[in-house]
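Accompanying notes for the structure given below.
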Amino acid sequence: CSFLKNCVCPPLLQSNPRMAWGQGARRPILGLLSRAQRQAARGYTSATFETHLSSNHFAQNGMIRRRFSSEVPASEQMNLIKQLRERTCAPIKDVKASLVSCNWDIEDAQKDLRKRGVISAAKKSSRTAAEGLLAIAQDEKRAVVVELNCETDFVARNDVFQYLASSLAKMALSAQDPGKLVFPFAPAYLENMSINLDHPKLSGETTVQNAVTEVAAMVGENVKLRRGFMLSTTGHGVVSSYLHTCPQPGLGRIAGLITLEAEDSSASLDALKRVGSSIAMHIVAAKPLFLSKELVSAAALENERDVLRTQAESSGKPQMAIEKMVEGRLRKYFEDVVLLEQKYVVNDSTNIKTLLNDLSKEVGSKVTIGNFIRMEVGEGIERPEETAKKEAMACAA
C-alpha cells in the first residue's frame, strides 16, 4: 500500500501492521490502513487520501480535543480551576464550565469568562445595589469622594472591588478641574474616561464603564458607580476629610469632607488641618444639614414651624405661650441640623462656632468654613426588604 510505504514507522510495524497501536488511540493502525485501502479502491491516491484525511478528520481539532479533555488528570483539573478562580474571582461553576468548553486551556477560558461576564453583568444591572464603599482621594486643594455600590457587604470586602473604588477616586481627582468649589457629578461624568488599572486580577487601560462591568462579572453581583463630589478650596485654606468604618485607608462607609479658609495667608495651615480633621469627624457623627441658620431653606423652616406649632397647641396653652414654645423648640432644631450651632461631639461644652473662634485666635486670622459634605453608602436607595415592608403595611391598612 502506498500509504503504508509513506508512513514514518519502524520496519517491524510496516511489515506487521496488526502490531501497530497508536499511543493515544483506542484502535490499531490496521483500522486506518483498511480505510486507506477502501479509499484507494474508490480511485483516491495516497496523496489525495492524506489531504482528504487531513481536511475531514484531523482538522477537526475541537472534536478530538473534546474527546480527550476528560483525560486531563483530576489533580490538574483542580489546579486549573483554582488558578482561573484566583485570576477572575468568578464563581466556581462558571470557571469549570469555561475550562471544559475550552478544553482546559486556561487562557482561552479566561477570555471566555470575560465575554460571558459582560452578558451576565447586564442581566444583573436591574438588581438593587445598596451596599458598597466610599473612596476618597485628595491633594492640598481638592478632595474627591465617589460611591461604588454592590449588592452585599461580602463583595464590598473583595480586594478587586476595593481597588476599583480607590482607582475611580484617584482618576476623578486627576481629571480636569471643573472650576467649582463644590462639584457634584453623576456616573456619566466619569464613565467614558480612560482609566489605567494595575491589579493582578484587573489590569490594562480601559474606560471606567468597562472596568465597572468587568468587576461586576468577576464578583457575580450588580456593581454601579452611583455618584461623586469634588470639594475645592481657594486662597489660603485646606481640605480635610474623615472616613468611618474603614477596611483600608481611603475607603469607608460614611465620609465627611470640609474646607477651612483663613483670611491671612500667613496663618498656619497645620492648625487648620488639625481642626479640619476633627470637624470632618464631627460631621460624620452629628449629621448636619446646613452650614448656618441663614442657609436653612425657607421650606424646611416653615415645615418645622408647622410641626412645632401643632405639638404646642395640643398643650392647650394661650397663643402667646404657644409662640414662645415654638421659638424655643426652633432653637433646639437649629442645634440639631445647623453645623455652626451644633455641640462639638469631642467636647459638648462648646459648639462648632466657638471652636472656629478659638482657632482664629490661635492662628491670628479669621477662619471660616467654606463648604462641607456628608455622604453615606446607600442613603436614599430603597432596599427590597423596605419595599416589601411598605407593601405589607399598605395591604394591612
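The values are calculated or read from the model by the stated rules, or taken from the named source; none is laboratory data. Since this is a predicted model, take the numbers as computed values, not measurements. Please note: Cβ atoms are built from the backbone with ideal geometry, for glycine as well, and neighbour counts cover all protein chains shown.
Every condition in (1) farther than 30 Å from ALA271 by Cα; (2) out of contact with any Asp or Glu (no Cβ under 9 Å at 6 or more places or on another chain) is met by ILE322 except one, and the failing one is (2).
Just one of ASP139, ASP153 is farther than 28 Å from VAL239 by Cα and either among the β-branched types (Val, Ile, Thr) or out of contact with any Pro (no Cβ under 7 Å at 6 or more places or on another chain) (or both); which is it? Result of the check over ASP139, ASP153: ASP153.
If you go through region 313-341 and pick out every residue that is of a type in the set (Lys, Arg) and in a loop (DSSP other than H, G, I, E, B), you end up with 1.
Inside region 344-355, residues that are surrounded by 13 or more Cβ atoms within 10 Å (Cβ to Cβ) and in contact (Cβ under 8 Å) with a residue 24 or more places away in the chain make up a count of 4. Considered as a group, the residues in region 245-269 that are modelled with pLDDT under 95 and of a type in the set (D, E, K, R) include one that is farthest from ASN371 (Cα to Cα), and that residue is ASP264. Those helices (runs of 4 or more DSSP H) of region 86-198 in which at least 2 residues are touching a Leu at 6+ places or on another chain (Cβ under 9 Å), considering only elements entirely within it, cover 92-101, 106-124, 159-174, 188-191.
Here LEU202 clears all of (1) of a type in the set (A, V, I, L, M, F, W, C); (2) under 15 Å from ARG227 (Cβ atoms); (3) at pLDDT below 95 except the condition numbered (2). The residues listed here are VAL208, VAL223, VAL215, VAL219; of these, the one that is under 29 Å from VAL284 (Cβ atoms), within 13 Å of the chain's Cα centre (by Cα) and at pLDDT below 90 is VAL219.
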